[in-house]
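Coordinate-derived values only; no laboratory data. As the structure is a prediction and not an experimental result, all values here were calculated from the model. FYI the Cβ positions are ideal-geometry reconstructions off the backbone, even for glycines, and counts take in every protein chain you see.
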Amino acid sequence: MSGARILLAGVNIEIIGEIEILQALAASASVGERDSAEFQHQAEASLALQRRGNIVLIHRDLQQLVNTFVPRPAIGGYAAVQGK
């Protein structure tokens, strides 16, 4: 295998891993229950081993609900968009 193919294979494995993490978070009960605090906790836990990255959950009205880069009280979560 050439160096480029080895590099490409490594990148593909990394991308697939990220997609699997995001799919697991999307299927989390905390999303269906609109529990942004629990979702933030789960998202932060999924990033803990990597020690890099950021996960953002955005409501369909484009309001940010969760951002693992920002402390939780700074963002309103689902409570901020209830009634919309």
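Listed values, structure above:
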| quantity | calculated |
| --- | --- |
| Two-decimal Rg/Rh across the stretch 3-80, once Rg and the Kirkwood Rh are taken from alpha-carbon atoms | 1.07 |
| Pairwise FRET efficiency - residue 38 versus residue 13, Cβ, R0 = 35 Å, nearest 0.05 | 0.75 |
| Cubic angstrom per residue, convex hull over Cα atoms of the stretch 1-47 | 57 Å³ |
| Residue-span extension gain [residue 26 to residue 54] - 0.36 nm each, minus C-alpha spacing | 8.6 nm |
| Relative packing of 20-27, 62-69, which averages over residues the other C-beta atoms within 10 Å, highest first | 62-69, 20-27 |
